[in-house]
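Input: a single structure, listed below in structure tokens.
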Amino acid sequence: MLKCGIDIGGTNIKIGFFENDKKVDSIVFKTPKEHDRIISTIVDVIKRKYNPKNILGYTVAIPGVVLNDVVVFAPNTDIFGLNFKEELGRQLNNQNIIVENDANLQAMAEARATKLYDLILISIGTGLGGGIIIDGKLLNKNGFAGEIGHIKVHFGANSRMCGCGKLGCSEAYVSCKAIVKEYNEVNHTSINSKELFDLARAKDKLAIKCINDCARYLAITIATVVATTGIKEVHIAGGLSNAGEAFLRRVRYFYPKYCVRNMEDVKIKQAYLQYEAGTHAAKYLIGEE
């Protein structure tokens, strides 16, 4: 039997299929802009590839807050109010479906994959999400635990507006979209985060500044979560994690400047599952108690 992991992003939807704990297939397609087409498109894509009768269960990674299986907060994509478990269950005739905030789901999968009982998973993509594992269990009070993208890191009249409608959130400074904001505004360009790192390697001063600013705000965010939880293992996942050590070295440089005393030795590293954690959750979580 197959296991299916669905990762809904603000830009793309990724679907991975697993059999005997090995990835056998994957699909990536643009996230539909129309609210009413998102679930139906996912179902159509799955049915074109496989018979739903041959799929044991599904995980669905949501870029927002999920409460009682309903999306109650989603600043970067139009999925507010959707009940993925109910609708996918009905259309695919399967009730073995886990629907969870994407970073929470990634944290659960990362913890299983690395056999860690205490972990902070930070996912940097279109937005900034977090999942917190304590004593092997997901911290998830009222659906909002781990929403680290909305920790305030900047104050004042010139603070950036976040997609949530508030000023100064970490997500407004740490994401694939945010890291290029200053560069594009100053130079009237529309480069992406990969191109920004290419420019930084070519010694472009503004590109280096943008990356350093993003790393510093991420370090502030990590220091805040570490001071709150006491967890010393921080894994970075999502699209921006592909920048690898070049970016993480900057984060590690800034982190001791902001962390609570005696927590300087926190491990900050690239996630084991990297950007695939959203789909790989099915491999680790479907069929588990």
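The values are calculated or read from the model by the stated rules, or taken from the named source; none is laboratory data. All of these numbers come straight from a predicted model, not from anything done at the bench. Here Cβ is always computed from backbone atoms with ideal geometry, including for glycine, and neighbour counts include all displayed protein chains. To get the accessible areas, we keep the full protein, side chains included, count just its heavy atoms, and leave off ligands, DNA and RNA. Shrake-Rupley method; radii C 1.70, N 1.55, O 1.52, S 1.80 Å.
Could you give the length gained by full extension between ASN184 and LYS115, i.e. 0.36 nm per residue of separation minus their alpha carbon distance, to one decimal place? So the chain would gain 20.7 nm between ASN184 and LYS115.
Put ILE151, ILE134 in order of accessible area, highest first, and with a 1.4 Å probe you get ILE134, ILE151.
With all protein chains present, how much of the accessible area of the stretch 4-73 (probe radius 1.4 Å) comes from carbon and sulfur, to the nearest whole percent? Provide the component values of the computation, followed by the final result.
Details: 1560 of 3370 Å².
Result for the stretch 4-73: 46 percent of the exposed heavy-atom area is carbon or sulfur.
Lysine pair count for the stretch 3-84 (Cα-Cα distance under 25 Å; residues 8 or more apart in sequence or on different chains): 25.
Computed from backbone phi, the HN-Hα couplings of the stretch 65-71 come to 9, 10, 9, 6, 6, 10, 6 Hz, rounded to whole numbers (Karplus: 6.51 cos²θ - 1.76 cosθ + 1.60, θ = phi - 60°; Gly and Pro given as x).
For the stretch 176-289, the alpha-carbon radius of gyration amounts to 1.20 times the rule-of-thumb value 2.2 N^0.38 Å expected for a compact globular protein.
Residue separation times 0.36 nm, minus the C-alpha to C-alpha distance between ALA227 and LEU167: what's the value? Mind showing how you got there, number by number?
On the way: separation 60, 0.36 × 60 = 21.60 nm, distance 2.26 nm.
So the chain would gain 19.3 nm between ALA227 and LEU167.
Note on LYS232: lysines with a C-alpha under 23 Å away, same-chain residues under 8 apart excluded, are LYS115, LYS137, LYS141, LYS152, LYS257, LYS267, LYS269.
Please give the FRET efficiency for LYS257 paired with ASN212, using the beta carbon to beta carbon distance and R0 = 22 Å, rounded to the nearest 0.05. Between LYS257 and ASN212 the formula returns 0.95.
With r as the distance between the Cβ atoms of ASN93 and GLU245 and R0 = 35 Å, compute the FRET efficiency 1/(1 + (r/R0)^6) and round to 0.05. Efficiency, from the Cβ-Cβ distance: 0.15.
Any chance you could check the Cα centroid distance between the stretch 179-230 and the stretch 251-265 for me, in angstrom? When both Cα centres are located, 18 Å separates them.
Average accessible surface for the chain: 47 Å² per residue, computed with a 1.4 Å probe over protein heavy atoms with every protein chain in place.
Counting only aspartates and glutamates at least 8 places from LYS177 when in the same chain, those with an alpha carbon closer than 15 Å to its own are GLU185, GLU195, ASP213.
Per-residue ellipticity at 222 nm computed for the chain from its helices equals -10500 deg cm²/dmol, with DSSP H segments shorter than 4 residues left out and the rest contributing -39,500 (n - 2.57).
For the pair LYS23 and HIS154, what calculated FRET efficiency results from E = 1/(1 + (r/R0)^6), where r is the Cβ-Cβ distance and R0 = 30 Å, to the nearest 0.05?
0.15
Helices from the chain with mean Kyte-Doolittle at least 0.5 and a Cα length along the axis of 24 Å or more, per DSSP H: which? Walk me through the numbers on the way to the answer.
On the way: long enough: 205-229 (36 Å, 0.98).
For the chain, where a helix must reach 24 Å along its axis and average at least 0.5, the hits are 205-229.
Subtracting the Cα-Cα distance of LYS194 and VAL43 from 0.36 nm times their residue separation leaves 51.2 nm of extension gain.
For the chain, compute Rh as the Kirkwood radius over C-alpha pairs and then the Stokes-Einstein diffusion coefficient at 10 °C and 1.306 mPa s; write the answer in µm²/s, rounded to an integer.
Values: Rh = 19.3 Å.
Using the Kirkwood radius from Cα pairs, D works out to 82 µm²/s.
Could you check how much of the accessible area of the stretch 177-289 is carbon and sulfur, as a whole percent, using a 1.4 Å probe? The partial results should precede the final answer.
Values: 2780 of 5700 Å².
Accessible surface attributable to carbon and sulfur in the stretch 177-289 totals 49 percent.
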